[in-house]
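The values are calculated or read from the model by the stated rules, or taken from the named source; none is laboratory data. The structure displayed is predicted, hence computed values, not measured ones. Accessible surface is based on the protein model in full, side chains and every heavy atom, while ligands, DNA and RNA are left aside. Shrake-Rupley method; radii C 1.70, N 1.55, O 1.52, S 1.80 Å.
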Amino acid sequence: TGTTRPLRILQHVQRSAKQGDALSVITAIDSYCSKVEWAMNVGDKKGEILDTVVLETRPRYVLELGTYCGYSTLRIARLLPPGARLITIEMNPHYAQVAKEIFQYAGLDAQVELLVGSSTVLIPQLKKKLDIEKFDLVFIDHWKVSYLPDTKLLEECGLLKAGSVLLADNVICPGAPDYLKYIRNCPRYRSQYFPAQLEYLQVEDGVEKSVFLG
Ligand SMILES: O=C(NC/C=C/[C@H]1OC[C@H](O)[C@@H]1O)c1cc([N+](=O)[O-])cc(O)c1O
Ligand SMILES: [Mg+2]
């Protein structure tokens, strides 16, 4: 095995992290991706901003768009109270399989509901299929061209309420210019930019936190 980057990350986790210890899994992934090979996890610096937003939002219903290997899913899941629900959508079945194994290794697989498929197809099904009313927090980290259409879809499907928080990764690099323009000019949102760096690199990036006003 070890033929793909996600599989090599999983192998490193299984070799270096402590089973059932989510923080050691998070640390192992950051160590591997900063020293051995880069991967598109939100990373430790932007991850701390994510942690802060999760802790201050205290969400009951969380949606993540773009699971990849599950790094940010773990960062969120470890901070949620029992009874909270974390739904993560990944359209690449291989990424989803690796993420599932990483959740199991970290002991958080019961806290995470992983859906494999296109976010644009799955978002309109969430209310019926998963009995979800509204999301308190949405972490957006999938294809950058999908940020804006999927945000509009969340609005149209009535999945946001006054106070819902959107947190978008990579708004500078690779960038999501149409999303930024919309979310910063739409009167239904109050946005705040958190400058940081692209994961594991000295390149400028940041996350955009936007509160839906209803
Ligand atoms: O494309 C990025 N993320 C989108 C992920 C895309 C994958 O997830 C959904 C789909 O399965 C696709 O294969 C990305 C890219 C960089 N980057 O520096 O290229 C940095 C990041 O943090 C990123 O989230
Ligand atoms: Mg990202």
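Quick rundown of the values:
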quantity	calculated
Exposure of residue 136 as accessible area (Å², to 10), given a probe of 1.4 Å and all protein chains	20
Alpha carbon convex hull of the chain, projected area averaged over orientations, nm²	10.7
Where N is the number of residues in region 51-121, Cα Rg divided by 2.2 N^0.38 Å	1.03
Separation of alpha-carbon centers, region 67-102 and region 31-45, rounded to whole Å	17
Whole-number percent relative contact order across region 98-214, with pairs defined as alpha carbons under 8 Å at least 6 apart	23
Region 31-82 shape via C-alpha gyration tensor axes, a/c threshold 1.5	prolate
Cα gyration tensor shape for region 82-178, rounded if a/c is under 1.5, else prolate or oblate	oblate
For the chain, calculated [θ]222 nm from helices alone, where every DSSP H run of n ≥ 4 adds -39500 (n - 2.57)	-12500 deg cm²/dmol
